[in-house]
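Here's the structure we're looking at; comments come further down.
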Amino acid sequence: MFLRLLLGTSTIFLSLILGAFALAIVGYNWPDTLSTMLAWARDLKGVITSTGLDPKYNIWVELLLEERQLLFMFFTIAARIFLALLAAPFSSR
């Protein structure tokens, strides 16, 4: 049980680090691509904040959700998928 918890936590932590590293690599090697992805994140934020949510909730979404966070989440999820594919042959299930 403890090993499973430790393994799950370590993969989440590793995916955060790999996501940040991948974001930095894309930004350094392909700044135009990163700029385009940031524009997509800006558009996605617009879609999320224009859902017609009650203004007392929507204002918090607008304040707390940033384009950089969405972009970092994308890279973190991509790193998590990469780690899952990498670990799949070694999985017992």
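The values are calculated or read from the model by the stated rules, or taken from the named source; none is laboratory data. Worth saying up front: this structure is predicted, and the values here are computed from it rather than measured. Please note: Cβ atoms are built from the backbone with ideal geometry, for glycine as well, and neighbour counts cover all protein chains shown. All accessible areas refer to the heavy atoms of the entire protein, side chains included, with ligands and DNA or RNA removed. Shrake-Rupley method; radii C 1.70, N 1.55, O 1.52, S 1.80 Å.
Quickly run through the range 44-71 and pick out the residues that are of a type in the set (A, V, I, L, M) and surrounded by 10 or more Cβ atoms within 10 Å (Cβ to Cβ).
L44, I48, L53, I59, V61, L65, L70, L71
Of the residues that make up the range 14-34, is at least one assigned to a loop (DSSP other than H, G, I, E, B) and open to solvent by less than 90 Å² (accessible area, probe 1.4 Å)?
no
Among (1) open to solvent by 90 Å² or more (accessible area, probe 1.4 Å); (2) more than 25 Å from W60 (Cβ to Cβ), which single condition is T11 missing?
The number of the failed condition is (1).
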